[in-house]
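The values are calculated or read from the model by the stated rules, or taken from the named source; none is laboratory data. Keep in mind that this is a model prediction, so the values were computed, not measured. For neighbour counting, all protein chains shown are included, and Cβ atoms are generated from backbone atoms with ideal geometry for every residue, glycine included.
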Ligand SMILES: Cc1cc2nc3c(=O)[nH]c(=O)nc-3n(C[C@H](O)[C@H](O)[C@H](O)COP(=O)(O)O)c2cc1C
C-alpha cells in the first residue's frame, strides 16, 4: 500500500548517482551506498510496528501505527525513542499531554489490516469510528494537561505505558523526537510466563520502516510462497524425537486460547480453524509425521476441507466425462449427418472446467489468512 508522500517521516535518499553497484558474478553481497537514515535507506532493519495511543485535546483516544520506536540504553531509567512527523496528531497529543501507550500487536493478517487502516490521515473521530480495537482504561495517574492517561489496546500482546521526558523538534526532516520513560510494561500472562520460565515469545508485527522506492511505510518481511497451487506442500525436519513433537502439538492445541483446532492420530495431525470461523473455503493442514535418525520429518499439505476437495474432483470428473461424450457425439454427428452444434458441448464443458478451477483459486485467496495462520502455528510449535 502506498502512503501519501507527507507521511514518510523524512527518510532521505540520495538520487541514483550513488546507486549500488551491480553484484560481481557469483558474489554473495553488493555493497550499498551509506545514505542518511542508513537503516531505512541503505538496508533492511527490522523494527516493531506498534500502535501508539494518545489522547486528543478533547480527551478522545487516537491510535496510529508507528515503526520508528527504539530502546535507548543508558544509566538513567528505562527509555524509548519515538520519531514522529510533526504534522501527525500523535506528535501533537504526546507533546501536549506527555503520555502515550505503546501497543504491540500480534502478527495476524486481520489485526494487521485493521492496524494499517489507522494510518489514514483523517480526523481522530473519523478513523476511530470504525476502529475494531477495544480500549482498556489505564490505571496510571492523569496526564500533565489534566487528561486521563491514554488507554491500552485490549488485543495487544504487550503494552508499554510511557511518559515524555524530552522533546526535540527537527526541521529537516520536519519531525519530533520523543524521549520517553517507560513507566509500566504489561504482558499477557503466557508471555510473562515465557519471560520468566523460558519458551517462545509472541509473534509481533515487524516492518522495515519507510521505503523511498514504494513511498510506503509498509515494507514488510517477505513470506515464502509456492506459486498458485491448490494444495501447497512443504517439508520440515526437526531434531526432536517424534513423541516430543506430538506432545508439543498436543499441549499447544489444548490451550484455551489456541486459535487452531486439531486432531492428532498416530503419525498424522490434521489442523483447521475453529467452527465459528470455518467457511466453505477454509483450509485444512494435514501433517504426516515420521521418525528419522535425526529426529522427526513433517510432510505437510494445505488444501480445502476433504468434502470440498472431493466435490471439486467429482465436478471435474463429471465435466470431463460430459466433454468426452460430447466430443464423440459431435464428431460422429458432424461426419454422419452434417450437424455441428453437438461440438459445442466439449467447448462448454471446457469453459465450466475453467469456471470451477477459478472458483477454487478464489476460495484459496479468501482462505489465505487462515492458511497463513495454520502454517505459522506449525512453525511456532516447532520453534517452541
Ligand atoms: C506500518 C507503519 C509504520 C509507520 N511508522 C511511522 C513512524 O515511525 N513515524 C511516523 O511519523 N509515521 C509513521 N507512520 C505513518 C503514520 O501512521 C501516519 O502518519 C498517521 O496518519 C499518523 O496518524 P495520526 O495523525 O493520528 O498520528 C507509519 C505508518 C505505517 C502504516
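The table for this structure:
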{"item": "The range 91-112, subset within 12 Å of the ligand (Cβ to nearest atom), under 25 Å from the mean Cα position of the chain (by Cα) and buried (at least 23 other Cβ atoms within 10 Å of the Cβ), residue nearest to residue 57 (Cα to Cα)", "result": "100"}
{"item": "Residue 56 in contact with a strand residue (DSSP E or B) (Cβ under 8 Å, 6 or more places away or on another chain) and near the ligand (Cβ under 8 Å from one of its atoms)", "result": "no"}
{"item": "Every residue from the range 76-90 that is closer than 16 Å to residue 173 by Cα and more than 8 Å from the ligand (Cβ to nearest atom)", "result": "86"}
{"item": "Lone unmet requirement of (1) surrounded by 20 or more Cβ atoms within 10 Å (Cβ to Cβ); (2) modelled with pLDDT of 95 or more; (3) within 14 Å of the ligand (Cβ to nearest atom) for residue 115", "result": "(2)"}
{"item": "Filter result for residue 157 (touching a helix residue (DSSP H, G or I) at 6+ places or on another chain (Cβ under 9 Å) and either away from the ligand (no atom under 15 Å from the Cβ) or in contact (Cβ under 8 Å) with a residue 24 or more places away in the chain (or both))", "result": "yes"}
{"item": "From 181, 235, 172, 197, residue being away from the ligand (no atom under 16 Å from the Cβ), modelled with pLDDT under 95 and over 30 Å from residue 358 (Cα atoms)", "result": "197"}
{"item": "Subset of the range 191-214 that is free of Cβ contacts under 8 Å to residues at least 24 places away in the same chain and under 14 Å from residue 158 (Cα atoms) - its residue that is surrounded by the most Cβ atoms within 10 Å (Cβ to Cβ)", "result": "194"}
{"item": "Members of the range 118-134 that are surrounded by fewer than 16 Cβ atoms within 10 Å (Cβ to Cβ) and either away from the ligand (no atom under 12 Å from the Cβ) or within 19 Å of residue 366 (Cβ to Cβ) (or both)", "result": "129, 130, 132, 134"}
{"item": "Filtered residues of the range 215-225 (kept if without any contact (Cβ under 8 Å) to a residue 40 or more places away in the chain and exposed (fewer than 14 other Cβ atoms within 10 Å of the Cβ))", "result": "222, 224, 225"}
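To keep it simple, each residue is scored yes or no on (1) under 16 Å from residue 165 (Cβ atoms); (2) under 24 Å from the mean Cα position of the chain (by Cα); (3) assigned by TED's automatic domain parsing to the domain that holds residue 132.
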position: 48; (1), (2), (3): no, yes, yes
position: 51; (1), (2), (3): no, yes, yes
position: 61; (1), (2), (3): no, no, yes
position: 64; (1), (2), (3): no, yes, yes
position: 73; (1), (2), (3): yes, no, yes
position: 78; (1), (2), (3): yes, no, yes
position: 82; (1), (2), (3): yes, yes, yes
position: 89; (1), (2), (3): no, no, yes
